[in-house]
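Have a look at the structure below, then the notes.
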Amino acid sequence: MENKHSTDGIAEDLIRSFVQIASAEMHAKTLLEKRVSELENGLIDLETELEAQLQKITEYKEEITTLAELRRTDMLYLFDLYGSRGDKEKWCTVKHLSIAMMTAFEAWQASNQDEALLSAALAKNKRFIKALTQFLGVEVTECAACFADIIKGGKNNG
């Protein structure tokens, strides 16, 4: 027996998954940039550490590639789950806004309950939801509660 609510659960899980994978991509990118910068600026002893550092750079590049493939798989599955009728041109916008939303949320978490940072994170979340609804081809909204209701209705909305 098919669970009639499985689509919304899958959609929600895939959204959370690709957002977290995209954030992990950015963290790996930051580590790669830091390591390259340390090498370029003489902050690493090239006589004793060069080979190990070049290996680390290779590992970061491979990790970024693997994470990007995982994120793309999640995003494509989600797009297909909604009948592939959304606006695929929103793909990159969704990816970038997901990272912006999570990064802004992390900034708020690191602050001392800074309301301006929370407000900024919530504003970015609205933009993310709007782009995501366009990407999926469902009713366009910036409202998180409305979007939750849309995906609870399953893949036939829109």
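The values are calculated or read from the model by the stated rules, or taken from the named source; none is laboratory data. Nothing here was measured: the structure is a model prediction, and the numbers come from that model. All Cβ positions, even for glycine, are placed from backbone atoms using ideal geometry, and neighbour counts span all protein chains on display. Just the protein is used for accessible areas: all its heavy atoms, side chains included, with ligands, DNA and RNA removed. Shrake-Rupley method; radii C 1.70, N 1.55, O 1.52, S 1.80 Å.
Residues that are touching a Leu at 6+ places or on another chain (Cβ under 7 Å) and either over 20 Å from Glu25 (Cβ atoms) or not in a helix (DSSP H, G or I) (or both) within the stretch 42-97 comprise Gln53, Tyr82, Gly86, listed in sequence order.
Taking first residues from the stretch 28-44 that are over 12 Å from Leu54 (Cα atoms) and partners that are open to solvent by less than 80 Å² (accessible area, probe 1.4 Å), the Cβ contacts under 7 Å between residues at least 6 apart in sequence or on separate chains come to Ala28/Tyr60; Ala28/Ile64; Ala28/Leu67; Lys29/Ile64; Leu31/Tyr60. Is it true that Gly86 is small (Gly, Ala, Ser) and touching a Gly at 6+ places or on another chain (Cβ under 8 Å)? Yes.
Each residue in the stretch 87-127 was checked for being open to solvent by 40 Å² or more (accessible area, probe 1.4 Å) and of a type in the set (Val, Ile, Thr), and 2 pass. Take Glu38 and tell me if it is assigned to a helix (DSSP H, G or I) and either at pLDDT 95 or above or within 23 Å of Met75 (Cα to Cα) (or both). Considered against the rule, which asks whether it is assigned to a helix (DSSP H, G or I) and either at pLDDT 95 or above or within 23 Å of Met75 (Cα to Cα) (or both), Glu38 comes out as no.
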